[in-house]
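First the structure, then my questions, so here it is.
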Amino acid sequence: MITIEGHLERITYTNEENHYTIARFKTGHPSSQITVVGYMAGIRPGQGLKVTGSWENHPKYGPQFKTSSYEVTLPETIDGIRKYLESGLIKGIGPIMASRLIAHFKSKTLEIIEKTPRRLTEVAGIGNAKAALITASWKKHHYINALMDYLQSHGVKISYGAKILKAYGEEAIHIMETHPFRLAEDIPGVGFLIADTISQSRGMPANDPNRIKACIRHLIQQSARDGHTFLPENLLLQYCADTFRLDLDDVQKALHTLGVSNDVVLVQPDDPNEPRAIYSKDMHLAETGLAKRLKALLSVPAALPEMDPEQLSHNVLKKIAIKLSPEQLHALESILTRRVAILTGGPGTGKTTLIRAINATFEALGKKVVLAAPTGRAARRLSEIVNKEAKTIHRLLGYNFRDDSFEKNPGNPIDADTIIVDEASMVDTVLMYHLIKAVPLTSILILVGDVFQLPSVGPGNVLKDIIASETVPVFYLTTIFRQARESPIIINAHMIREGEFPDLNPRESGEELSEFYFIEKHTPEAVVATIVKLCSRSIPDRFYLDSMKEIQVLTPMHKGEVGTLNLNKVLQQVLNKNPTRLKGLGYVYKIGDKVMHLKNNYQKDVFNGDIGIVDAIDEETREVAVDYDGRTAIYEPEEMDELSLAYAISIHKSQGSEYPAVVVPLMTQHYALLQRNLLYTAITRGKNLVVLVGTKKAFAIALNNDKPRNRFSGLDQKLRKA
């Protein structure tokens, strides 16, 4: 191995997922420029580095230095210090402030920041608050370097450093040294793998009981992230043996110990030939509690005054000026006498009209009606439909982000006579459990959703399981209304739902444009070029729609040329020419960018899936302001992982939303994700225009794949037995 010392001149390429980096590196003695490649996180131009590795000869680019490890060093020259401070690594210091600091402290600038930071206030523009900000950022940055060194020394990917730092701050190294498997509980997904790598590096035996128990918990957590509420014992044993090379007898002993301590729940099947179901304690509580509470609600009669259909129809017509169809009227009449009911149906069958009618009828009876939906977007859409406030389920339940709890519960229930939940197919087992716990036994609960949509992102298949249990009254709307029958979007959606190949030719007559187009392109390059043309010129020019606000690209996956990552980069370049930008590790944001928030943040009042526009960028503090329909949220540098570009989003992320126009790439490269419910979900997101770009073969694969991955869930059986 060779070690070379110098500083980064520029970064040519960074892979945002694994931090693989290609950079130009200037060596000290003798002075020369070389290309370094390797996995390097958190580095910026101007930084001093010691890189260790070996030379290799790239067939196209020539000699490159491939790094196996690196160490950040501090620059000593004025020029080096300037580049270092201008890199944006230290919060509160941008190009202007860097010049002021260097003009005042010269070559001792970094020494002053580290050893006597109180002197920073000698510089114009730095008060006590800003000096404290710079000092804290300096300490954090240097701790990051120490953390990266620690991870490298134990063979852990440095790309995990940000997650570890966010979870533990400056306690990270101490925790990994003393309680490594704590990471498995605190950092979902990769925590166990990090802890296991560190433990193995430090000499822990592969069959150590603590490691085996952590492995079991990790696999159960992983199954929940894949949508399951439990993991069959035979699969758990297979994964332990195949993936982690564990002895099955040792796994069985650990499993028994976890069961005795109630860390996991082992459920015996009714059929002795079936494997046991292995639940996490929390998931078993949620699924069992959901079934029991639902059955308790169903056991209480709903005592409401009877109304004959004619009177009911008259009252609805008077309230919302809409005459219900016989099918809708029958559903409304029946729902009035049920404690719990499910309303389902495809697009154009009048679900939204019936929601309005249900709300109007209960209000006319003097009942307090509350509206809710699983996401902020779905709640806003429901609010617009009914012309009444609708809340997210989390807000309705009074979610407390500090201790991850809900204010509403059986002792403090929701204040409502009737609760209507739209987009119920998106609600997972845990959230539905907390919701139904907070529903008073004297209230009526109405779940509205389309089970043909994609299932919830979280574990379980709640709406589908409740319907399959045949314990709750279900009202199906099947009649497509006349106006909807004229829409090729709705007609094609229903054909796809039934497994029929739709007519992909546009229905245009005279000056009237079609609502549905299929553009056949056979290569990823051609698909990307077509999407760019559609979003930048064709759709805005022909349909007078705004590229940013009214056109949404939906794609099945994140990776690949027609995935969200690449499409966002390409569309950003074409649709946003603003020069003001903020560049970080794996991202570039500009003023005017269309962005999506990726997880619920109750402090900011912004929720998973909310789409906004970058309104301002502070180059000094590296803060980004995003406008969400008139609400501004400020993101600090360490919060940027909560944002992503949203010119293109995944179809899963579009659930509960509706857009004036959607553009959907369909390629055989998406094979693993091509399913009928995914195609159906994408098409039903388009309100006025749907454009599919790709191959008919990919379309046919999705249409014919009506076997979504089975989710292991026990709710159906628990409802039947409860």
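Looking at the stretch 225-269 only, could you name the residues that are of a type in the set (S, T, N, Q) and assigned to a helix (DSSP H, G or I)?
Result: 234, 238, 243, 252, 257.
Turning to a different aspect of this structure: Sort out for me the strands (runs of 3 or more DSSP E) sitting completely within the stretch 433-520 that have 2 or more residues that are open to solvent by 10 Å² or more (accessible area, probe 1.4 Å).
Of the strands (runs of 3 or more DSSP E) lying wholly inside the stretch 433-520, those with at least 2 residues that are open to solvent by 10 Å² or more (accessible area, probe 1.4 Å) span 474-477, 516-520.
Please work out which residue is surrounded by the fewest Cβ atoms within 10 Å (Cβ to Cβ), limiting yourself to the stretch 41-66 and to residues that are farther than 19 Å from residue 112 by Cα and touching a Leu at 6+ places or on another chain (Cβ under 8 Å).
45
Mind telling me which of the residues 606, 663 ends up being touching a strand residue (DSSP E or B) at 6+ places or on another chain (Cβ under 6 Å) and over 30 Å from residue 490 (Cα atoms)?
606
Please enumerate the residues belonging to the stretch 67-115 that are surrounded by fewer than 18 Cβ atoms within 10 Å (Cβ to Cβ) and of a type in the set (Val, Ile, Thr).
Result: 73, 77, 78, 96.
In addition: Which residue, of 230, 244, 181, 192, is modelled with pLDDT of 95 or more and of a type in the set (A, V, I, L, M, F, W, C)?
Selected residue: 230, the only one of 230, 244, 181, 192 that is modelled with pLDDT of 95 or more and of a type in the set (A, V, I, L, M, F, W, C).
Can you find even one residue in the stretch 67-86 that is of a type in the set (A, V, I, L, M), in contact with a Gly (Cβ under 8 Å, 6 or more places away or on another chain), at pLDDT 80 or above and under 27 Å from residue 582 (Cβ atoms)?
We begin by selecting, within the stretch 67-86, every residue of a type in the set (A, V, I, L, M); these are 72, 74, 78, 81, 85.
Cutting the leftovers down to in contact with a Gly (Cβ under 8 Å, 6 or more places away or on another chain) gives us 72, 74, 85.
Subset that is at pLDDT 80 or above: 85.
From what's left, under 27 Å from residue 582 (Cβ atoms): 85.
The answer is yes, given that some residue of the stretch 67-86 is of a type in the set (A, V, I, L, M), in contact with a Gly (Cβ under 8 Å, 6 or more places away or on another chain), at pLDDT 80 or above and under 27 Å from residue 582 (Cβ atoms).
Would you confirm whether any residue within the stretch 362-376 is under 22 Å from residue 654 (Cβ atoms), surrounded by 15 or more Cβ atoms within 10 Å (Cβ to Cβ) and either among the charged types (D, E, K, R) or out of contact with any Leu (no Cβ under 8 Å at 6 or more places or on another chain) (or both)?
yes
For the stretch 670-684, check the following and say yes or no: at least one residue is in a strand (DSSP E or B) and over 30 Å from residue 99 (Cα atoms). Please lay out each step first, then the result.
Residues of the stretch 670-684 that are in a strand (DSSP E or B), as a first pass: none.
No, the stretch 670-684 contains no residue that is in a strand (DSSP E or B) and over 30 Å from residue 99 (Cα atoms).
So, one more: Mind checking which residues of the stretch 211-236 are open to solvent by less than 30 Å² (accessible area, probe 1.4 Å) and out of contact with any strand residue (DSSP E or B) (no Cβ under 9 Å at 6 or more places or on another chain)?
Within the stretch 211-236, 211, 212, 214, 215, 218, 227, 228 meet the criteria.
Considering only residues that are open to solvent by 10 Å² or more (accessible area, probe 1.4 Å) and either assigned to a loop (DSSP other than H, G, I, E, B) or free of Cβ contacts under 8 Å to residues at least 40 places away in the same chain (or both), which ones fall in the stretch 633-646?
If the condition is that a residue be open to solvent by 10 Å² or more (accessible area, probe 1.4 Å) and either assigned to a loop (DSSP other than H, G, I, E, B) or free of Cβ contacts under 8 Å to residues at least 40 places away in the same chain (or both), then 634, 636, 639 are the ones that fit.
Among the residues of the stretch 157-189, what is the count of those that are over 21 Å from the mean Cα position of the chain (by Cα), of a type in the set (Phe, Trp, Tyr) and within 26 Å of residue 138 (Cα to Cα)?
Final tally of qualifying residues: 1.
Does the stretch 196-210 include one or more residues that are outside any helix (DSSP H, G or I), open to solvent by 30 Å² or more (accessible area, probe 1.4 Å), at pLDDT 85 or above and under 21 Å from residue 279 (Cβ atoms)?
Looking for residues that are outside any helix (DSSP H, G or I), open to solvent by 30 Å² or more (accessible area, probe 1.4 Å), at pLDDT 85 or above and under 21 Å from residue 279 (Cβ atoms), one finds none in the stretch 196-210, hence no.
The values are calculated or read from the model by the stated rules, or taken from the named source; none is laboratory data. Computed from a prediction, not measured in an experiment: that's the story for all the values here. Glycine also receives a Cβ, built like all others from the backbone with ideal geometry; neighbour counts cover every protein chain displayed. Calculation scope for accessible area: heavy atoms of the full protein, side chains included, ligands and nucleic acids excluded. Shrake-Rupley method; radii C 1.70, N 1.55, O 1.52, S 1.80 Å.
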